[in-house]
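Asks: Got a structure for you, written out below as C-alpha cells; questions coming shortly.
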Amino acid sequence: MSEQPAPADNILELTDLTKRFGGLVAVDNVSLNIKRGEVFALIGPNGAGKTTLFNNVTGLFQPTSGRVVFDGRDITGYKPHQVARWGIARTFQNIRLFDYMTCLDNVRVGRHVRMKATVFDSLFKLPRERREEERVTEEAMEFLRFVGIAKHADQYARNLAYGQQRRLEIARALATDPKLLLLDEPAAGFTPQEKVELMKLVKKILGRGITVFLIEHDMKVVMGISERIVVLDHGEKIAEGSPDEVRKDVRVIEAYLGKSA
Amino acid sequence: MSTSVFTRLHLRDRIRDRDTAVYSILLILALVFPMASIYATDGTALVSQATRAGTFVLLAIGLNVVVGFAGLLDLGYAAFYAIGAYSYALFASTQLASSPAHHAFHLPFWLMLFVALFVAAAAGAVLGFPTLRLRGDYLAIVTLGFGEIVPQLFYNFDQWTGGINAVGGIDQPTLPAWIQGPWSGDGSFQIVRNFNFGGDPVAFYVLICILIAAAIILVNNLYRSRLGRAWMAIREDEVAAAAMGINTVTTKLLAFGIGASFSGFAGAFYGANVSLVSPDSFLFIVSITVLVMVVLGGMGNISGVIIGALVLYYVVYYLIPGLPENVRSLANSIGLSSETTRSLADATQHLNYIIYGGILVAMMLLRPQGLLPSRVREQELKHAAVQEEEAAVEMEHAT
Amino acid sequence: MSLPDFGFYVLCATAIVLLAAQAVIHPGEFVQVFIFGLTQGSIYALVALGYTMVYGIIELINFAHGDVFTLGAYIGSAILGFFAISEGGFTTVNLIALLLVFPAVMLVMGGINVAIERVAYRPLRNAPRLAPLITAIGMSFFLEGVMFLWHGPATVHFPDILPKAATTVAGVFFGFKDVFVVVVAAILVALLAIFINRTKLGKAMRATAQDRDAAQLMGIDINRTIAATFFIGALLAGAGGMIWGLYYNTVYYQLGFRSGLIAFTAAVFGGIGNIPGAALGGLIIGLIAAFSDSYIGSKWTQVVVFGILIGVLVFRPTGLLGMRVPEK
C-alpha cells in the first residue's frame, strides 16, 4: 500500500518489508509510514514479529526484501552502528544495559556517536579531548536528570531497580541524539504508577522533537499516548489507524482472542 | 558547574587513590632497587632480572588492553612479541646478509622500536580481522592457533630468520645521533660521552622503566576516554554497544592493534636486551604466562596487572628455579637421603605447569577479581556468586 | 550462493583436484597416506566428539579435553605395566590385558572428567564467559603439569601389544593395527549414536543442548545431564588415548595440546555441536593432516590445519553439517 503524505513529513517509511528465517516468515510484506513528531505504536499478539520488525529497521537483521527509508534516506541493510549514527536509537525488550558500568558511563557510551575524539586525542589526553570529556560528562548527567535517575549516576547499572534500569536504557538511547526513538515494550513489568510516569516521560521526549515508535502490550499505555497504531499478526499487518479505529477492528479482536467457533 | 559532577564521583576517587598509592610505591621501588641491589649483591645480576621482569610487565599491560578492557581472550599474545623481536633483530644484525636478500641492515634501535610497534599493531589488526564475528571462545582458539603458527613460521622460513639457529649478535642501542654530534665521542669537544648500551644492565633497566611509565600513562588515558568506554561496552554487551553507534569492527581491531603494539615494543626491547632471538622464546607458555599475570592481577586494572606480573615473575623465574637448592638444603637438614633430595629437587623443577594451572583455576574459583581488581570485576563476580546462590535456592524449592 | 560460500567450495574443489592428481600419478603412495590419514582421523574423531558434545551442551571449549586424551594413554600405559605382557607379539596375556585395561581406562577418564567438571566448571556456570574459559585453560595446564611431573618432558613408551600381522595388497601395506584403530573407533561412534538417539539420557542430553531452560522445565536434571556429557566425552577420549598408544607406541605430555587443537578444528569443521559432524570432521582433518605431512611437509601441517580452522570460521562458521548450539 502506498501512502498519500508527502515524503518530507514521514520520518520512517517501511515498504513491503519482509524477513524470512529459512522457511519461517517472521515479517510478511509490512508497509507503514511514521509521521515526524508523532507517537506510533506497534501492537500484536506474542510472536507476531514486532521485535523482528524493529531489528530490521535498526540493522540487527537484514531484511529479506523491502525497503526502509529514514528521513528520506534509504537505510535498508545499514549496520546497527550506522543506523544509530543517522539518528535512530532503541531500547531492548529484555533490557541490555552495560551491567558493570556505572549509569553515568552507560549514558556516556550513548554519547559516543556524537563525540569527535580520535584514538590519538585520547591516547595523549589532548586539551580538546579533555574538554570534550567534561562536556560529555555534563551532558550525560543532564540525560540522567531528564529521566529522573541522576542520583544513581555512580551506581553500577546492575544494581538499579527494574524501573530505574528501564529509564536508564531510555536515557542512554536519548544520549545518541536520535530523531526517532524505538521503544521495545518499555512498560513491561511496570506498576500502574510507573506506567503513568512512563507516559509522562514519552510526552517529554516528544517535546524535544523526537518521534517515538513503540512496541507495547499494555493497551492502556498504547491507547493513552499513541496517535496511530499498526497491528501485526503472524508477521502481517492486519490493521492500521487511530486507537479508536483499531480497537473496534474485527480482525484485531480475533487475533488477540483467537477466532471463536 | 562541572564541579558538582566531580564531587559526586567519590567511588572513582577511592579507586584512583589506591592506584596512585600503588604507582607511587612502584616508582620509589623502581628508583631505589638498582642501587640497593648492586650494593647488596655486589653485581648487576639482580638488575638484569628486574629488567626481564619489566619486559613482562610491559607485555601484561598490553594484554590487559585486549583481555581486561575489551574482553577479548587472546591466547596467542606471544606471537606479537615474536614479531616485534624479529622486526628489530632482522634489521639490526648481520642476519639478512646470509638470507636471499644478501644485505644486512643495521637500523637504529630507536627507530626500530617504533617500527616494531607498528608492525606488531598491524599484525594485531590482521589477526583480529577474521575473529571479529566470532564468539569469545572461538576467538580464543583462533588466537591460540595464531600463537602457534607465528613461531612455526619463523622456524620454517629459516633462510630469512635463521630458523633454529636464531638471530644473534643483535645491535645494541646507542644514544641518538643528535646527542652524538661532533660535541660527543672522543673528539676534543667532548661534552656528552659516546653511549652504547653494550649490554649494560642498568641502561636497559632505566629504559624499560621509562617504557613502562609511558605505557601506564597512555593506557590510563585510553581507559578514561571514548575508546576505553567503547571497549568496555563491547565487553559488556556487543549488541547494545553497536546499537549505540559503536563500530564494533574497528573498535575490536583497535583493541587488538593497540594491545599488540605493546608487545611489539617489548619485543624490540627484548631483542636488544638479550641480543639473541629464537622462536623458542615465544612459545605458548609465554602467552599463558602473560595471561596468568593479567588474571592474577585483576583483569582491567592496570596497577593490579603490574603487581600480578611482578609477583608471578618472581615466583616462576626466581623462586621455582631456586627451589631445588632450597629443597635440597631443607631436605638435608631434615635428614632425608640424598636420593630423595635429588628427586625432590628434580620434581620442583617441573612445577611451572602445575603452578600456572593451579593459579588459573584457583583464581577463577576463589578470587576471580585478582589481587587488585578493578571495581568492575569485583562486582561482576560477586553478582555471579549471588546468582549461583539464588539458582541453588530455586533448585531446592523446586525439588 | 554468497561469495564466502563460493570461496569455500572453490577451495575444497582445488584441494580435491590436487589430491586426485596425486592419486593418479602415484597411486600406491597415495593409498598408503590415505590409510595413515584414516587411522589418525579415526582417533581425532573420537576426541573431536568430546569437544563437540561439551560445546553443544554448555558452549564451552573444554581446553583440557586433549589432555584427558593424553592422560588416558599415560594411565593405560602404567596399568598395562602390571600385566605380564610381551611386546612385539600377540599373546593371550596381551589379549586379556587389553580387554581389561581398555574399558578400565575409559571409565577412569570418564570419572576424572566428571570430577573436573564438578570442581572447575560447574561453579562458574553463571559467571561471565571469560571465567570458565580461563579455568579450562588452567585445568589443561594442570593436567599437563601432572603428566610432566610423572614422566618428564621425554616421550613415554606405550607397550606394543597388538598383533604384528600385516599384509600387502596391491602394493599397499597395512596391518592389524590399522584395521584395529578404524574398527574400534567406528564401533565406539556407532555405540554413541545409538546411545544419543535411543536412550533416555541421550535424549536428555540433546534436549539440554537445544534449550536448557525448557529441558529443566521438563524435569530434566541439568547437572546430571551435563556431568553425563563430560563422562561420555571422556570415555571416548580415553579410548582414543589407548588407541593412540597402542598404535604409535609413544606418547608425550604435550600430545594433548597439539592433538586437541587439531581435534577441535575437526569438530568446528564438521559443525560444532553436531555429533555426526565431529566424526566426519575428524576423519577428514586426519586425512588432510596426513596428506599435508606427506605432500607439503610436516613442518607446514600445523599451519595448514590452522588455516582450515580460520577458513571455516570466517567463510562457513556452521561447518560442513551445520552447528548445533543452544538457542538463545
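Asks: Yes or no: region A:23-46 includes at least one residue that is farther than 21 Å from A:Glu240 by Cβ and either surrounded by fewer than 20 Cβ atoms within 10 Å (Cβ to Cβ) or within 14 Å of chain B (Cβ to nearest Cβ) (or both).
Replies: Looking through region A:23-46, at least one residue is farther than 21 Å from A:Glu240 by Cβ and either surrounded by fewer than 20 Cβ atoms within 10 Å (Cβ to Cβ) or within 14 Å of chain B (Cβ to nearest Cβ) (or both).
Asks: Would you confirm, using the coordinates I've provided, whether C:Leu19 is under 16 Å from C:Ile296 (Cα atoms) and modelled with pLDDT under 85?
Replies: Answer is yes for this residue.
Asks: Shifting gears a bit: Can you name the number of the only condition in (1) free of Cβ contacts under 8 Å to residues at least 40 places away in the same chain; (2) within 14 Å of chain B (Cβ to nearest Cβ) that C:Ala228 fails?
Replies: Unmet for C:Ala228, out of (1) free of Cβ contacts under 8 Å to residues at least 40 places away in the same chain; (2) within 14 Å of chain B (Cβ to nearest Cβ): (2).
Asks: Being within 20 Å of the chain's Cα centre (by Cα), surrounded by fewer than 17 Cβ atoms within 10 Å (Cβ to Cβ), at pLDDT below 95 and not basic (Lys, Arg) is true for just one of A:Glu245, A:Glu227. Which residue is that?
Replies: A:Glu227
Asks: Among the candidates B:Arg229, B:Arg235, single out the residue that is without any contact (Cβ under 8 Å) to a residue 60 or more places away in the chain, of a type in the set (D, E, K, R), crowded, with 24+ Cβ neighbours inside 10 Å and at the interface with another protein chain (Cβ under 10 Å from one of its Cβ atoms).
Replies: Selected residue: B:Arg229, the only one of B:Arg229, B:Arg235 that is without any contact (Cβ under 8 Å) to a residue 60 or more places away in the chain, of a type in the set (D, E, K, R), crowded, with 24+ Cβ neighbours inside 10 Å and at the interface with another protein chain (Cβ under 10 Å from one of its Cβ atoms).
Asks: Conditions first: (1) over 30 Å from B:Ala362 (Cα atoms); (2) free of Cβ contacts under 8 Å to residues at least 12 places away in the same chain; (3) under 20 Å from the mean Cα position of the chain (by Cα). C:Phe141 passes all but one, so which condition is the exception?
Replies: For C:Phe141, the exception is condition (1).
Asks: For A:Phe120, all conditions in the list (1) buried (at least 17 other Cβ atoms within 10 Å of the Cβ); (2) of a type in the set (A, V, I, L, M, F, W, C); (3) more than 20 Å from A:Asn10 (Cα to Cα); (4) more than 7 Å from chain B (Cβ to nearest Cβ) hold save one; what is the number of the exception?
Replies: Evaluating A:Phe120 over (1) buried (at least 17 other Cβ atoms within 10 Å of the Cβ); (2) of a type in the set (A, V, I, L, M, F, W, C); (3) more than 20 Å from A:Asn10 (Cα to Cα); (4) more than 7 Å from chain B (Cβ to nearest Cβ) leaves (1) as the failure.
Asks: Within region C:112-128, can one find any residue that is over 17 Å from C:Arg258 (Cα atoms), within 14 Å of chain B (Cβ to nearest Cβ) and in contact with a Gly (Cβ under 9 Å, 6 or more places away or on another chain)?
Replies: yes
Asks: Identify all residues within region B:51-63 that are buried (at least 24 other Cβ atoms within 10 Å of the Cβ) and either without any contact (Cβ under 8 Å) to a residue 24 or more places away in the chain or over 8 Å from the mean Cα position of the chain (by Cα) (or both); write none if there are none.
Replies: B:Thr51, B:Gly54
Asks: Next question, about the same structure. State whether the residues of region B:153-174 include one that is among the aromatic types (Phe, Trp, Tyr), more than 11 Å from every other protein chain (Cβ to nearest Cβ) and either under 27 Å from B:Val295 (Cα atoms) or over 18 Å from the mean Cα position of the chain (by Cα) (or both).
Replies: yes
Asks: Just one of B:Leu46, B:Leu26 is more than 14 Å from chain A (Cβ to nearest Cβ), under 30 Å from B:Ala116 (Cα atoms) and either more than 22 Å from the chain's Cα centre (by Cα) or modelled with pLDDT under 85 (or both); which is it?
Replies: B:Leu46
Asks: Then there is this: Please state which one of B:Ile246, B:Ile217 is within 14 Å of chain A (Cβ to nearest Cβ), outside any helix (DSSP H, G or I) and of a type in the set (A, V, I, L, M, F, W, C).
Replies: None of the other options fit; the residue is B:Ile246.
Asks: If we only count strands (runs of 3 or more DSSP E) wholly inside region A:209-261, which ones have 2 or more residues that are over 26 Å from A:Phe190 (Cα atoms) and of a type outside the set (A, V, I, L, M, F, W, C)?
Replies: Counting at least 2 such residues, we get A:236-241.
Asks: Another question about this same structure. Taking B:Ile217 as meeting all but one of (1) within 26 Å of B:Leu113 (Cα to Cα); (2) among the aliphatic types (A, V, I, L, M); (3) free of Cβ contacts under 8 Å to residues at least 12 places away in the same chain; (4) crowded, with 24+ Cβ neighbours inside 10 Å, write down the number of the exception.
Replies: Among (1) within 26 Å of B:Leu113 (Cα to Cα); (2) among the aliphatic types (A, V, I, L, M); (3) free of Cβ contacts under 8 Å to residues at least 12 places away in the same chain; (4) crowded, with 24+ Cβ neighbours inside 10 Å, the lone unmet condition for B:Ile217 is (4).
Asks: Same structure, new question: What's the total number of residues in region C:259-300 that are crowded, with 20+ Cβ neighbours inside 10 Å and either farther than 25 Å from C:Val68 by Cα or of a type in the set (Ser, Thr, Tyr) (or both)?
Replies: Qualifying residue count for the region: 4.
Asks: Further question: Considering every residue within region C:95-105, establish whether at least one is within 22 Å of C:Gly175 (Cβ to Cβ), within 25 Å of the chain's Cα centre (by Cα) and not aliphatic (A, V, I, L, M).
Replies: Yes, that holds for at least one residue.
Asks: Among the residues of region A:94-101, is any at pLDDT below 95, in a helix (DSSP H, G or I) and surrounded by fewer than 23 Cβ atoms within 10 Å (Cβ to Cβ)?
Replies: no
Asks: Could you give me the residue pairs with C-beta distances under 8 Å whose first residue belongs to region A:19-30 and is in contact (Cβ under 8 Å) with a residue 12 or more places away in the chain, whose second residue is surrounded by fewer than 16 Cβ atoms within 10 Å (Cβ to Cβ) and in a strand (DSSP E or B) wherever it lies, and which are 6+ apart or on separate chains?
Replies: A:Ala26/A:Arg20; A:Asn29/A:Asp16; A:Val30/A:Asp16
Asks: Got a sec? Which of C:Val146, C:Val179, C:Val184 is part of a helix (DSSP H, G or I), at the interface with chain B (Cβ under 10 Å from one of its Cβ atoms), over 25 Å from B:Gly68 (Cα atoms) and β-branched (Val, Ile, Thr)?
Replies: C:Val146
Asks: May I pose another question? For region A:164-184, which residues satisfy the criterion of being part of a loop (DSSP other than H, G, I, E, B) and either more than 21 Å from A:Glu13 (Cα to Cα) or within 11 Å of chain B (Cβ to nearest Cβ) (or both)?
Replies: Within region A:164-184, A:Ala175, A:Thr176, A:Asp177, A:Pro178 qualify.
Asks: Where residues in region B:105-130 are within 14 Å of chain C (Cβ to nearest Cβ) and without any contact (Cβ under 8 Å) to a residue 40 or more places away in the chain, which of them is surrounded by the most Cβ atoms within 10 Å (Cβ to Cβ)?
Replies: Residue satisfying both the conditions and the ranking: B:Pro130.
Asks: When you look at C:Tyr247, is it out of contact with any Pro (no Cβ under 6 Å at 6 or more places or on another chain), at pLDDT 90 or above, surrounded by fewer than 23 Cβ atoms within 10 Å (Cβ to Cβ) and within 26 Å of C:Asn94 (Cα to Cα), yes or no?
Replies: Considered against the rule, which asks whether it is out of contact with any Pro (no Cβ under 6 Å at 6 or more places or on another chain), at pLDDT 90 or above, surrounded by fewer than 23 Cβ atoms within 10 Å (Cβ to Cβ) and within 26 Å of C:Asn94 (Cα to Cα), C:Tyr247 comes out as yes.
Asks: Something else now. Can you give me the number of residues within region A:123-161 that are assigned to a helix (DSSP H, G or I) and within 21 Å of A:Tyr100 (Cβ to Cβ)?
Replies: The qualifying residues number 14.
Asks: What's the total number of residues in region A:94-117 that are under 25 Å from B:Met299 (Cα atoms) and either hydroxyl-bearing (Ser, Thr, Tyr) or at the interface with chain B (Cβ under 9 Å from one of its Cβ atoms) (or both)?
Replies: 14
Asks: Determine if region B:288-301 includes at least one residue that is surrounded by 19 or more Cβ atoms within 10 Å (Cβ to Cβ), within 11 Å of chain A (Cβ to nearest Cβ), touching a residue at least 12 places away in the same chain (Cβ under 8 Å) and not basic (Lys, Arg).
Replies: Yes: region B:288-301 contains one or more residues that are surrounded by 19 or more Cβ atoms within 10 Å (Cβ to Cβ), within 11 Å of chain A (Cβ to nearest Cβ), touching a residue at least 12 places away in the same chain (Cβ under 8 Å) and not basic (Lys, Arg).
Asks: Quick one: how many residues across region A:123-162 are of a type in the set (Ser, Thr, Tyr) and at the interface with chain B (Cβ under 9 Å from one of its Cβ atoms)?
Replies: Residues in region A:123-162 being of a type in the set (Ser, Thr, Tyr) and at the interface with chain B (Cβ under 9 Å from one of its Cβ atoms): 2 in total.
Asks: Enumerate the pairs (first residue in region C:197-221 and closer than 14 Å to C:Ile232 by Cα; second residue anywhere and among the aromatic types (Phe, Trp, Tyr)) with beta-carbon separation below 6 Å, excluding pairs fewer than 6 apart on the same chain, so at least 6 apart or on different chains.
Replies: Every condition considered, the pairs that remain are C:Gly202/C:Phe195.
The values are calculated or read from the model by the stated rules, or taken from the named source; none is laboratory data. Because the structure is a prediction, the values reported are computed rather than measured. For neighbour counting, all protein chains shown are included, and Cβ atoms are generated from backbone atoms with ideal geometry for every residue, glycine included.
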